[in-house]
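Only one structure is covered here, and it is reproduced in the block below.
The values are calculated or read from the model by the stated rules, or taken from the named source; none is laboratory data. These numbers were taken from a predicted model, which means no experiment stands behind them. Note: ideal-geometry Cβ built from the backbone for every residue, glycine included; neighbour counts use all protein chains shown. Accessible surface areas use protein heavy atoms only, side chains included; no ligands, DNA or RNA. Shrake-Rupley method; radii C 1.70, N 1.55, O 1.52, S 1.80 Å.
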Amino acid sequence: MAKNLSAEPTRQLSRRSLLGSATGTAAGALLLTAAPARADDQVVMPSPATVAAQVRAEYLHGWQGYCDHAWGYDEVRPVSGGRHDFFAAGHTFGLSMVEALDTLFLMGLDQELTRSCDWIDANLDPAQNADTHVFEAVIRVVGGLLAGFEATGRSSLLARAREFADRLLPAFTKSPTGIPYTLVNLRTGAVRGTSVPLAEAGTSVMEFGLLSRLTGDSRYYDASMRAYRAVLDRRSSIGLLAGTIDAESGRWLDSLCCTPNPPVDSFYEYFWGGAALLGDTQLAQWHAEFTALTLKYQAVQTSGRLWFRSVDFRTGEPAGPDRQSELAAFYAGLLAKGGDPVHGAAYYRSWTDALDVHPVLPETLDFTDLSAVDKGNQLRPEYPNASFDLWRATRNDYYRQTGYRWFTAMRDHQRVPGGYTIAGDVTVPGMRLGDLTPAYWFAENLKYLWLMFSDTPRFDYSDAVLSTEGKVLRGLRRV
Ligand code: DMJ
């Protein structure tokens with residue numbers, strides 16, 4: 001019987017029994033179907049226009065909390081009304097508004113967009129005397145400013161993005177291997193942090209590649225590709241990579257291949273992203289090679305669900321506990337975008353099953369029984385990111401239905417008068433709510449929902465390319 005999703009508590013929507021315990025069957029033998037929806041998932045949603053209006057209203061609710069309590073600061077604490085400096089205590093980058101720029105544009109919040117751009121022009125200092133996290137600054141600040149430039153055409157945003165990138169470059173150019181140090185002082189160029197997780201080594205080619213295109217200066221793209229090559233030169237004899245590497249010596253610091261989980265997730269995401277954005281055939285080839293390797297060595301079928309287990313990168317033998325980070329959920333969309341909608345649909349189904357047993361997703365699951373290992377929830381965007389990617393690749397309404405269910409669950413459980421907040425334990429009543437709206441919430445979570453439901457003319461649905469931080473780096477239409 002079809003149910004009206006908006007009228008039903010999340011946990012009553014689509015509960016299925018969890019089947020047996022894990023067997024760890026190699027997923028190569030899985031019979032995976034391209035049709036993801038089952039009868040009990042067929043739910044009735046409000047019209048797309050109504051959902052879009054709901055999503056926009058909730059985005060504005062979060063935005064209002066930021067404006068009221070933390071305007072000009074990085075992040076809002078929506079319960080206490082406080083603020084949080086994301087990169088360094090005592091330093092602000094106005095991060096939530098930098099992250100928000102292209103979402104404000106897509107939602108037609110033009111006054112808020114102009115106000116944010118004006119603040120950035122007047123206040124955002126790329127030369128702060130602060131040790132700054134290179135990976136986060138690239139995907140959030142450089143990417144945010146580039147998307148803001150694409151949205152508005154304001155040359156000041158491009159100039160600011162370039163200045164930031166120039167001040168981040170020493171992390172790449174001072175490294176003997178080309179693998180970036182994790183931290184750089186934006187004022188002095190001093191670098192530190194030699195233990196580099198792969199996501200931090202290889203998540204820059206989209207932002208730096210676009211910046212090179214826009215400026216005609218190849219140094220940014222070259223730095224990204226040198227870093228990628230430095231890591232890929234150190235593949236094991238079976239072609240896999242471990243998780244963390246020393247930037248100076250190029251030595252591996254562990255032996256765990258844990259794709260698509262952190263700390264390697266977006267290292268692999270940017271093969272496809274860079275290929276799609278830049279037309280780079282080398283990146284496309286790496287995407288194909290590593291997708292095949294991940295499916296060969298890491299995919300397992302557990303209680304009929306597809307998951308990716310960690311393996312020793314030298315042997316391909318299983319290693320580490322049967323856990324999956326919520327951050328890995330993006331991989332369902334990446335598989336689909338990259339040309340494998342069957343495995344993408346299957347992996348998405350696994351995460352959707354987890355949503356059947358938890359009110360909102362916990363940070364980490366034991367994938368043998370879907371129990372929460374890390375019980376917190378950091379308001380993460382990876383599940384709706386995958387909903388959006390799969391919907392865009394297939395136009396199957398199932399992804400809108402499940403994405404909408406995810407949205408209503410977040411609204412039911414994590415909305416507070418000052419916006420939206422993280423949670424400490426999704427397994428207890430009330431979830432022990434925390435006190436932070438992460439800046440990425442303004443970039444990602446509701447953008448994916450909005451794009452699925454609004455049919456906005458400001459977005460090129462066939463050609464747009466988004467970064468790991470949800471920035472639309474190609475495909476914004478100034479209409
Ligand atoms: C975001 O900052 C980006 O998506 C990043 O790649 C990893 N995930 C966080 C939010 O969870």
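Packing order of peptides 147-158, 424-435, 192-203, highest average first: 192-203, 147-158, 424-435 (average count of other Cβ atoms within 10 Å over each peptide's residues). With the simple spin-label model, which puts each label point 7 Å out from Cα in the Cβ direction, the THR188 to SER218 separation comes to 3.4 nm.
Since only LEU232, VAL55, LEU451 are under comparison, the one whose Cα sits farthest along the positive direction of the charge dipole of the chain, derived from C-beta charges on Lys, Arg, Asp and Glu, is LEU451. Roughly how many nanometres apart are two label points built 7 Å out from the Cα toward the Cβ at VAL479 and TRP119? Distance between the two pseudo-spin positions: 2.9 nm. Placing unit charges on the Cβ atoms only, positive for Lys and Arg and negative for Asp and Glu, gives the chain a dipole magnitude near 500 debye about its Cα centre.
Close amide H partners of ARG474, meaning residues 5 or more places away or on another chain with modelled amide H under 5 Å apart, are VAL465. Share of carbon and sulfur in the accessible area of the stretch 25-474 stands at 49%, probe radius 1.4 Å. Taking every protein chain into account, the accessible area of the chain amounts to 35 square angstrom per residue (probe 1.4 Å). Shape of the stretch 233-319 from the C-alpha gyration tensor: oblate (a/c of 1.5 or more and a/b not above b/c, with a ≥ b ≥ c the square roots of its eigenvalues).
Using a 7 Å offset from Cα along Cα-Cβ at SER155, what residues in the stretch 219-243 end up with backbone N under 19 Å from the label point? Inside the label zone: nothing. Label separation (ASP412 vs ASP374): 2.5 nm, computed from points 7 Å beyond Cα along the C-beta direction. Ordering VAL264, LEU168, LEU277 by Cα displacement along the dipole of the chain toward the positive end leaves LEU277 in first place; charges were set at the Cβ atoms of Lys, Arg (+1) and Asp, Glu (-1).
If you sort the three axes of the alpha carbon gyration tensor as a ≥ b ≥ c, you get a/c of 1.5 or more for the stretch 316-387 and a/b no higher than b/c, which makes it oblate. Farthest toward the positive end of the dipole of the stretch 25-474, out of TYR221, GLY94, SER204, is the Cα of TYR221, where the dipole comes from beta carbon charges about the Cα centre. Put LYS174, LYS471 in order of accessible area, highest first, and with a 1.4 Å probe you get LYS174, LYS471. Across the stretch 25-474, C-alpha contacts under 8 Å between residues 6 or more apart give a mean separation that, scaled by the residue count, equals a relative contact order of 19 percent. Take the alpha carbon atoms of the stretch 201-239, find their center, do the same for the stretch 249-305, and report the distance between the two centers in whole angstrom. If you average the Cα positions of each part, the centres end up 15 Å apart. The shape of the stretch 101-221 comes out prolate: with a ≥ b ≥ c from the C-alpha gyration tensor, a/c is at least 1.5 and a/b beats b/c.
A simple charge model with +1 on the Cβ of Lys and Arg, -1 on the Cβ of Asp and Glu and nothing else charged puts the dipole of the stretch 410-451 at about 100 debye relative to its Cα centre. For the chain, the 222 nm mean residue ellipticity estimated from helices alone, with every DSSP H stretch of n ≥ 4 adding -39500 (n - 2.57) and the total spread over all residues, rounds to -13500 deg cm²/dmol. Among the GluC sites (Glu not before Pro) in the stretch 216-294, those placed in a DSSP loop whose Cβ has at most 16 other Cβ atoms within 10 Å are GLU248. Rolling a 1.4 Å probe over the protein heavy atoms leaves VAL79 with an accessible area of roughly 90 Å². Lysine pair count for the chain with Cα-Cα distance under 24 Å and sequence separation of 8 or more or different chains is 4.
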